[in-house]
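This structure is in structure tokens; I'll ask about it shortly.
The values are calculated or read from the model by the stated rules, or taken from the named source; none is laboratory data. None of the values given here were measured: they were computed from a predicted structure. Positions of Cβ are backbone-derived with ideal geometry, glycine not excepted, and every protein chain shown enters the neighbour counts. Heavy atoms of the whole protein, side chains included, go into the accessibility calculation; ligands, DNA and RNA do not. Shrake-Rupley method; radii C 1.70, N 1.55, O 1.52, S 1.80 Å.
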Amino acid sequence: MKLMVCNNKIYKEMNHMKRYIKQAVQVFILGLLVFNLSGCSDDDILLSVSPGENANKGETLRLISYNILEGMKLDKTNNYDNFVEWLKSYDPDIVALQEANGFTQESLEKLATRYNHPYVITNVKVGDNYPVALTSKYPLEKRRRVTKHVSHGCIFASIKDINLVVTHLWPQGYWHQDGDGLGTEYRLHEMGIFLDSTINKFPMEPKWLLMGDFNSMSRIDMGGMDNPQGRDYSVHDMIMEAGFSDAVRHLHNYFHRTTPTVYGGWTAGRKGTRIDFIFGTDAMLRDVTKATVIYDDFTDNFSDHYPVMVEFRY
């Protein structure tokens, strides 16, 4: 009889323990679900950026990187009014430009004041008509232009302890000098110079954003873009080996094209390619809250590239 009572007691305690374990597991699974939902890559959540929206404005910065097609030539006869209104609608804190053709430091400063950016740096140089530029609401510190032994060069500056590098790599796919087959090798040469002039030169600086038109593709997009086979991914391999990761892919798990636009010949059924990126170091990406390619009526029709946008805490 005592043995039966003991066994019953043990049985009840075991059942109680099973229920406790089951409840604990359910709570744990529920916690995982909540965590995953809060950090998920559902683009209905992560891409919900509308013009003028910027939650926690005092705590985040919005950056747009954009190849504006030969100095925004499609809006030049309109005095860049459409471009200015488009920028004002998104209200970026920082703008990184590629193909700022035709602009001098002075004329770009004049344009930037129209969208409330009093701080400007560009890298106009002899022998190249495709400069890059940075404009900002905030002072640009540690300013440096890298123009020697590269095609379009790069600009390095910092804002609020965030290090920014904007570049535009050599565009030709298969040659540097006509017929030599060294286009990729030259982009690798350029990227090595840019990395040695910035992140490799300041290894104690943790927060970096590297952006622009890289005229090359990343192997992370192989499953999404047109004709992935036979592409050379070595430029982006070099960038990732240097400690950078793709900001858009950091938050989203599918391909976003940046070319072609509607103006550039987009047709239904094409996947397109992605050659415009914003990369960040791990310390920087922890503060990135949004990252996307901007598709709208303006970006469809005023350049052959779509712009990339990120928002980050600082």
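Among the residues of segment 234-245, are any open to solvent by less than 20 Å² (accessible area, probe 1.4 Å), of a type in the set (A, V, I, L, M, F, W, C), touching a Gly at 6+ places or on another chain (Cβ under 8 Å) and not in a loop (DSSP other than H, G, I, E, B)?
yes
Can you report the number of residues in segment 194-227 which are open to solvent by 30 Å² or more (accessible area, probe 1.4 Å), modelled with pLDDT of 95 or more and among the hydrophobic types (A, V, I, L, M, F, W, C)?
0
Next question, about the same structure. Identify, from the list TYR254, TYR263, the residue that is open to solvent by 30 Å² or more (accessible area, probe 1.4 Å) and within 29 Å of PHE312 (Cβ to Cβ).
None of the others qualify; the one that does is TYR254.
If a residue has to be surrounded by 18 or more Cβ atoms within 10 Å (Cβ to Cβ), among the basic types (Lys, Arg) and in a loop (DSSP other than H, G, I, E, B) to count, how many in segment 128-178 make the cut?
Total satisfying the criteria: 1.
Go through segment 94-114 and give me each residue that's free of Cβ contacts under 8 Å to residues at least 12 places away in the same chain, farther than 19 Å from ARG62 by Cβ and open to solvent by 60 Å² or more (accessible area, probe 1.4 Å). I'd like the intermediate steps shown before the answer.
Taking segment 94-114 and keeping what is free of Cβ contacts under 8 Å to residues at least 12 places away in the same chain, we get 106-107, 109-110, 113.
Subsequent filtering for residues that are farther than 19 Å from ARG62 by Cβ retains 106-107, 109-110.
Selection gives GLU106, GLU109, LYS110.
Just wondering, is there one or more residues in segment 73-80 that are open to solvent by less than 20 Å² (accessible area, probe 1.4 Å) and either of a type in the set (A, V, I, L, M) or free of Cβ contacts under 8 Å to residues at least 40 places away in the same chain (or both)?
Just the residues of segment 73-80 that are open to solvent by less than 20 Å² (accessible area, probe 1.4 Å), to begin with: 75.
Cutting the leftovers down to either of a type in the set (A, V, I, L, M) or free of Cβ contacts under 8 Å to residues at least 40 places away in the same chain (or both) gives us none.
No: segment 73-80 contains no residue that is open to solvent by less than 20 Å² (accessible area, probe 1.4 Å) and either of a type in the set (A, V, I, L, M) or free of Cβ contacts under 8 Å to residues at least 40 places away in the same chain (or both).
Which members of segment 61-95 meet the condition of being of a type in the set (Val, Ile, Thr) and in contact with a Lys or Arg (Cβ under 6 Å, 6 or more places away or on another chain)?
Step one: of segment 61-95, the residues of a type in the set (Val, Ile, Thr) are 64, 68, 77, 84, 94-95.
Of everything in segment 61-95, just one residue is of a type in the set (Val, Ile, Thr) and in contact with a Lys or Arg (Cβ under 6 Å, 6 or more places away or on another chain), namely VAL84.
Moving on. Which residues, counting only those in segment 223-241, are closer than 18 Å to THR184 by Cα and aliphatic (A, V, I, L, M)?
VAL235, MET238, ILE239, MET240
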